[in-house]
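**Student:** Encoded as structure tokens, here's the structure I'll be asking about.
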Amino acid sequence: MPWQSRQERAHVLKVDHGTGLVLCLLWTQGRAENEIRFHIPEFPPYAYVDSNEVEGIGVRLVDRIIAEAGLNYTIRLVPNYGRAVAHIRKGISDGFFLASQNRERNEAAVFSRPVVPNRWCWFLPVESVLNPHSPRVKGVLRVGTHLNTNTHKWLLGHRFNVTGTPTRIESLLEKLSLNRINAIFLAELVFYDAVERAGRDPRVYQWVVQAEKDFGIYISKLYLDENPGAMERNNGAIALLGAGGDK
């Protein structure tokens, strides 16, 4: 079956009334050959809903990659990365994006070639004198991050005091302005997108880079067992289009 664009296949909008999260389903009648069921977290600016369509930097990139690979796909938004991984484990989805690697994800799925670079950064009020890299500061940092992301898992693994884990980044900005937390730890572009959408001045924040972790596409081991060569086609498309940006 020839590949079709997201726009051609999108025809259902579903709302999860339990969470208030809008879920957009992009599907064809039945399941197309080689179709990958992506359940992806709402994570602006990489994935979000705009005018009843799933949009975002990550969605546009993967749209081009999957088209180049000659595969089919559907997208459903889920609340967070933890849910995306759980759906793979339960066999109700085949993958998610954009994501960085960790052991839990690698147990259930295979990570693609890198698609875009992603920097993990600390964000603090511009007047703050705290240095997140100082071991002596760890005990006084009250950190907020996005629920079930790798930044969240990294903070817990390094025993930081995580006191805010909403799924809406705007809530973290509010907590920081009210001094309920004194630092935010997030993917760089996610933070600045939230600042722009909230109408805040980015100059009131300082940032400290912690690490660079490539974003890629996870596809379940079960799907790849049933569709030999799919990841090779996917990785070939990433290489052809150029990893590291929307090229």
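The values are calculated or read from the model by the stated rules, or taken from the named source; none is laboratory data. Just so we're clear, the structure is a prediction, and the values are computed from it rather than from any experiment. Reconstructed Cβ throughout: ideal geometry from the backbone, glycine too, with neighbour counts over all protein chains shown. What goes into the accessible areas is simple: the full protein's heavy atoms, side chains included, and nothing from ligands, DNA or RNA. Shrake-Rupley method; radii C 1.70, N 1.55, O 1.52, S 1.80 Å.
**Student:** Taking a 1.4 Å probe, which of SER128, SER100 shows the most accessible area, and what order do the others take after it?
**Tutor:** Correct descending sequence by accessible area is SER128, SER100.
**Student:** Per residue, what accessible area does the stretch 50-123 have, given a 1.4 Å probe and all protein chains present, in Å²?
**Tutor:** 36
**Student:** While we're looking at this one, here's another question. So how do 224-235, 61-72, 161-172, 132-143 stack up, highest first, on mean other-Cβ count within 10 Å?
**Tutor:** 61-72, 161-172, 224-235, 132-143
**Student:** Taking a virtual spin label 7 Å from the Cα of ARG203 along the C-beta vector, which residues in the stretch 122-144 bring their backbone nitrogen under 20 Å of it?
**Tutor:** Answer for this model: 123-129.
**Student:** Provide the per-residue ³J(HN,Hα) series for the stretch 188-205, in order, calculated from phi with Karplus coefficients 6.51, -1.76, 1.60 and θ = phi - 60°, each as a whole number of Hz, with x at glycine and proline positions.
**Tutor:** Result, ordered by residue: 4, 5, 5, 4, 5, 5, 5, 4, 5, 5, 7, x, 9, 8, x, 6, 7, 10 Hz.
**Student:** Return the long-range amide H neighbours of GLU35 (sequence gap of 5 or more, or a different chain), with a cut-off of under 5 Å between placed amide H atoms.
**Tutor:** When sequence neighbours closer than 5 places are left aside, the close amide H contacts are ASN72.
**Student:** Hey, any idea what % of the stretch 92-222's accessible area is carbon plus sulfur with a 1.4 Å probe?
**Tutor:** On the stretch 92-222, the fraction of accessible area on carbon and sulfur atoms equals 50 percent.
**Student:** Give the cross-link partners of LYS221 among the aspartates and glutamates, using a straight C-alpha distance below 12 Å as the criterion and excluding same-chain residues fewer than 8 apart.
**Tutor:** Partners within reach: ASP94, GLU107.
**Student:** Which ³J(HN,Hα) values in Hz, rounded to whole numbers, follow from the phi angles of the stretch 212-224 under the Karplus curve 6.51 cos²θ - 1.76 cosθ + 1.60, where θ = phi - 60° and Gly and Pro get x?
**Tutor:** Taking θ as phi minus 60°, the curve returns 10, 10, 5, 8, x, 10, 9, 10, 5, 5, 5, 4, 5 Hz for the stretch 212-224.
**Student:** Right, next: Can you list the residues, at least 5 places off or on another chain, whose amide H is less than 5 Å from the amide H of ALA183, using H built in the peptide plane?
**Tutor:** ARG142, GLY144
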